[in-house]
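Q: Structure below; questions to follow.
Bear in mind these aren't lab numbers, they're just calculated from the coordinates by the rules spelled out. These numbers come from a predicted model, not from an experiment. Cβ sites come from the backbone with ideal geometry, for glycine too, and all protein chains shown count toward neighbours.
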Amino acid sequence: MKLPVAHMACFLALFLCACGRQHAAPPPIAPEHAPAINVVLISLDTLRADRLSCYGYSRETTPNLDRWAREEAVLFENAITPETWTLPAHMSMFTGLFPQHHGVSRDANLAENVVTLPQLLQQHGYATGGFTGHTWWLRPDRGFGRGFDHYDNAPEMFRHVYKTRELLYAWLAQEERRPLFVFLHSYDLHYKIKELGYERPYDPDDEQFLVFSKPYLAEQPFQSIEKQPLKASELLKAWREHKITFTAVEADTLDALYDDTLRMLDQALADCFAKLKTMDLYDSSFIIVTADHGEGLGERGYYDHEDVWEEEARVPLLIRFPQRAHAGKRVAGQVQLIDLFPTVVDLLGLQDAPQTDGKSLLPMIDGGGGGHEFAFIRNGAGRLGVRSAEWKLHWRPQDNQNLLFHLPEDPGEQHDRFNELPLDAKPLREAANQFFGLGQSGWHIEVRAPRDTPWRGTLRLSSSTPIEQALRFDSWGNATMSPAGGEMGLTCELGAAAPEHLVVRAAPGELTLQLESVSAFTFLGKDLPHLSVTKVEEHFDTLKNNYPRPEARSINQEPVISVWYSRGRAVQPAPETLPAATREQLDALGYGHTETPSTSRNLD
């Protein structure tokens, strides 16, 4: 008897071993024993969820995907990226790991011991092919080429989806092995640069799709004396730097051009699905359509993706199962891109897959609940976000700024309620502190104060290595650093709403710490606990000793202050040096601000 796909997936899932998985490739198995389900992962770079008509947008930007969602696929209403720029977000798709765990950044490639989805599927007999619309951040040597039999990286910063899909079709036509894993990436929605011959920032590059923008283009926007010489991304940069202003027609033109490009991509995907059908590949395919991040379109004073606002963090996610199983379902629970890897593993029943940060989406689709209570988002510019079903906290530890929004009432994040409703932010602040704070490399000083026993005092640090940065997770007063960068002091008053956490980023070396308080506290550092003290001076030397995080414990209801040192993640391979021309083009594409914060776990 042939089981339905949904039952087969559940049956196979019973064989998964969820514990003790390591980042090591499983032994190859014979192709004839591999699951007969093709896996197709499609990433539409820079696509915000609220611009698809199937997500409620007023313009019919995605008629084909709308029909696909109704008749073929499952639509996830709240899919969140872990990072709002191309490189780390895609690597999270490929590894199922948060960016601070896979460690890939502008300055680090993927470590050799981390297994990617194509690598795992290749080991299980899959023929694997990848095709990208952008070159630098998706280069094979960054880790994206790992596990691909054929990986066609765009030769330039941008390659139109029409050209990319033709390369995919050619590979499918000559590849006789089954099953298949396909990665198709489109960069068309990202704003363009003049170096590639573009005049408009957003452009479908196909005149038949200039539909929504047609009435605005007829009014000849951007033709004033100061704007006429500016091309493509130069317009956005000049506007952001307040050198020019956009008229209402010009702002509407940019909006409409983005939508026109999406309409073009919608048709391109429909054509791809039709091609898969003619090649007898469609019915047996598990197809994922998503995006790495969204795009700000002037709402916050910029056109780009350099923060954690909803328009940048919330992405579309539509999944089609073989034989149209679960077609037409909409899932409201919160999911993240890290869930794609374990979902494929669960569906295919793969053994010995690596442990990931994500969770399979199959239980949610089957109505069994699941999803993430909190979704964590970050950006290379140092912006952090924590999102629940109802609330969204924006957190900027560098300046201790917090914003809080109630998403059901305020989906556009216009009305900050942090000062009005601080108790509603408490669970999100604690989750953010735990998730983002503990993984930081450097010195950690944490205060846990009983509810009625706040700690008031002063802290002074003197380091033999430069203090690069002081990140204040929660309410650590005003940290000040000397010009030399080796000393830091602060005075603070701490309550008990949540553990107060300071991370002082400094390379391994010697540190002298002085604490003085107006009331008694317990100090947990390198030696035995100091009980009921009002003053402590300790000397640490990380070149001779390790200082792990001490176990927090409350003694006599006194505040407890803990100190430890985290070395962060292991050193990862560095990418090749950027050529000057490449750096200029990447800066023009908005990547000058993508200096990824060091929120990496300790892999020592």
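Q: Taking 7 Å along the Cα-to-C-beta vector as the label spot, tell me the Glu156-Thr245 distance in nanometres, rounded to one decimal.
A: Between Glu156 and Thr245, the simple spin-label model gives 3.6 nm.
Q: Once Rh is set to the Kirkwood radius over Cα pairs, what Stokes-Einstein translational diffusion coefficient, in µm²/s, holds for segment 60-199 at a temperature of 20 °C and a viscosity of 1.002 mPa s?
A: 129 µm²/s
Q: So in the chain, what percent of DSSP beta bridges are antiparallel if you round to the nearest 5?
A: Taking every DSSP beta bridge within the chain, about 70 percent pair in antiparallel fashion.
Q: Taking Cα pairs under 8 Å and at least six residues apart, what relative contact order does segment 233-305 come out at, in percent?
A: Computed over segment 233-305, the figure is 32 percent.
Q: While we're here: To the nearest 20 debye, what is the magnitude of the charge dipole of the chain about its Cα centre, counting +1 on the Cβ of each Lys and Arg and -1 on the Cβ of each Asp and Glu?
A: 1020 debye
Q: Work out the FRET efficiency for Ser58 and Asp416 from their Cβ-Cβ distance, taking R0 = 25 Å, and round it to the nearest 0.05.
A: 0.40
Q: So what's the Cα pair-distance distribution over segment 198-262, bin width 10 Å, in %?
A: 23, 57, 19, 1
Q: So what's the net charge close to Ile365: Lys and Arg +1, Asp and Glu -1, counting the other residues with Cβ under 15 Å from its Cβ?
A: With Lys, Arg at +1 and Asp, Glu at -1, the neighbours total 0.
Q: Highest first, please rank the peptides 228-241, 392-405 by the mean number of other Cβ atoms sitting within 10 Å of their residues.
A: For the peptides 228-241, 392-405, the packing ranking is 392-405, 228-241.
Q: Find how much the distance from Lys194 to Ala173 grows on full extension, using 0.36 nm per residue of separation minus their present alpha carbon separation; answer in nm with one decimal.
A: 4.1 nm
Q: Within a 10 angstrom radius of the beta carbon, how do Phe418, Phe341, Phe212 rank from fewest other beta carbons to most?
A: Phe418, Phe212, Phe341
Q: Something else about it: Just add up the charged neighbours of Leu210: K/R +1, D/E -1, any other residue whose Cβ is under 9 Å from the Cβ of Leu210.
A: Around Leu210, the charge tally is -3.
Q: Where a ≥ b ≥ c are the square roots of the eigenvalues of the C-alpha gyration tensor, would you call segment 501-556 rounded, which needs a/c under 1.5, or, failing that, prolate if a/b is larger than b/c, or oblate?
A: prolate
Q: Let me ask something else. Work out, in µm²/s and without decimals, the Stokes-Einstein translational diffusion coefficient of the chain at 20 °C, 1.002 mPa s, Rh from Kirkwood over C-alpha pairs.
A: Result for D is 83 µm²/s.
Q: Take the Cβ-Cβ distance between Ala581 and Asp149 as r, set R0 to 30 Å, and report the resulting FRET efficiency rounded to the nearest 0.05.
A: It comes out at approximately 0.45.
Q: Volume per residue, Å³, of the convex hull around the alpha-carbon atoms of segment 286-342?
A: That works out to 105 Å³ per residue.
Q: What lysines does Lys192 reach when the alpha-carbon gap must be under 27 Å and sequence neighbours fewer than 8 apart in one chain are set aside?
A: Straight-line reach from Lys192, under 27 Å: Lys163, Lys214, Lys227, Lys231, Lys237, Lys243.
Q: Sticking with this structure for a sec: Can you give the helix-only mean residue ellipticity at 222 nm for the chain, where every DSSP H stretch with n ≥ 4 adds -39500 (n - 2.57) and the sum goes over all residues, rounded to the nearest 500 deg cm²/dmol?
A: When only DSSP H runs of four or more count, the value is -6500 deg cm²/dmol.
Q: Taking 0.36 nm per residue of sequence separation and subtracting the Cα-Cα distance, how much length would be gained by fully extending the chain between Thr278 and Lys426, in nm to one decimal?
A: Gain in length upon complete extension: 47.9 nm.
Q: Which length gain, in nm to one decimal place, applies between Glu409 and Glu219 when the Cα-Cα distance is subtracted from 0.36 nm times their residue separation?
A: Contour length minus Cα-Cα distance gives 64.7 nm.
Q: Enumerate the amide H contacts of Leu110 below 5 Å, restricted to partners 5 or more residues apart or on another chain; note that Pro and chain-start residues carry no placed amide H.
A: So Leu110 has HN proximity to Gly143.
Q: Let me ask something else about it. Just need the relative contact order of segment 192-350 here, percent rounded to a whole number, with Cα pairs under 8 Å and 6+ apart.
A: Reported relative contact order: 20 percent.
Q: Any idea what the relative contact order of the chain is, in percent, if you count C-alpha pairs under 8 Å spaced at least 6 apart?
A: This gives 17 percent for the chain.
Q: Given q = 0.19 Å⁻¹, what are the Debye log10 I(q)/I(0) values for segment 384-434, with equal point scatterers placed on the Cα positions and solvent ignored?
A: Taking Cα atoms of segment 384-434 as identical point scatterers yields -0.54.
Q: Please give the net charge around Asn109, taking every other residue with its beta carbon less than 12 angstrom from that of Asn109, where Lys and Arg add +1 and Asp and Glu add -1.
A: Around Asn109, the charge tally is 0.
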